[in-house]
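First comes the structure, then the notes that go with it.
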Amino acid sequence: RTVHVLNGPNLNLLGKRQPEIYGRDTLEDVERNLRALAAEHGVEIGFFQSNHEGALVDLIHAARESADAIIINPAAYTHTSVAILDALHTFEGPVYECHITNVHKREAFRHHSYVSARADGVIAGFGIDGYLMCLRRVVSQLGW
Ligand code: DQA
């Protein structure tokens, strides 16, 4: 029972970066909340962040060996990256796409996601609670 949570560029600055848009919660808060929920269900969390597209591709490949499901916030690469989409197509388990903000309420260039073509579900606009909602879905979907 292992879920890898992957975070894309600039999310290392969550809490400091445009807090009027992304809120004051940090990526450490996201990780702590996820680990607490995961522990209730006997789930191991691998928690990662990278500012580099290829590194995210490598993390998805690594998840093929060691994770049952992926929760990914690809951040800006959501809207640009065929490479991340293709990498996710090599992963056989559930994939959930999570956005802190409601991307559909924002600039038009955020309305399209390459990643959604592979995601089993998409959450947007629930703040950092969205990550927990994705994890709850994985737990129920996999019968954990
Ligand atoms: C984001 C939305 C993206 O459009 C943006 O580039 C991000 C974060 C979100 O979580 O709301 O960096 O994925």
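What follows is calculated from the coordinates using simple rules that are stated; it is not laboratory data. Here the structure is a predicted model, which is why all the values come from computation and not from measurement. For neighbour counting, all protein chains shown are included, and Cβ atoms are generated from backbone atoms with ideal geometry for every residue, glycine included.
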Can you list residue pairs whose Cβ atoms sit under 7 Å apart, with the first residue in region 110-124 being closer than 15 Å to residue 90 by Cα and the second being assigned to a strand (DSSP E or B) and not aromatic (Phe, Trp, Tyr)? Count only pairs 6 or more apart in sequence or on different chains.
115/72; 115/97; 116/97; 116/122; 118/95; 119/95; 119/97; 120/95
So, residue 119, is that one crowded, with 17+ Cβ neighbours inside 10 Å, assigned to a loop (DSSP other than H, G, I, E, B) and of a type in the set (A, V, I, L, M) or not?
yes
Condition set away from the ligand (no atom under 14 Å from the Cβ) and part of a helix (DSSP H, G or I), scope region 133-143, selection farthest from residue 29 (Cα to Cα): answer is 141
The condition from (1) farther than 16 Å from residue 120 by Cα; (2) touching a His at 6+ places or on another chain (Cβ under 7 Å); (3) among the polar types (S, T, N, Q) that residue 73 misses is numbered (1)
Quick one: which residue in 14, 34, 6 is among the aliphatic types (A, V, I, L, M) and over 24 Å from residue 143 (Cβ atoms)?
14
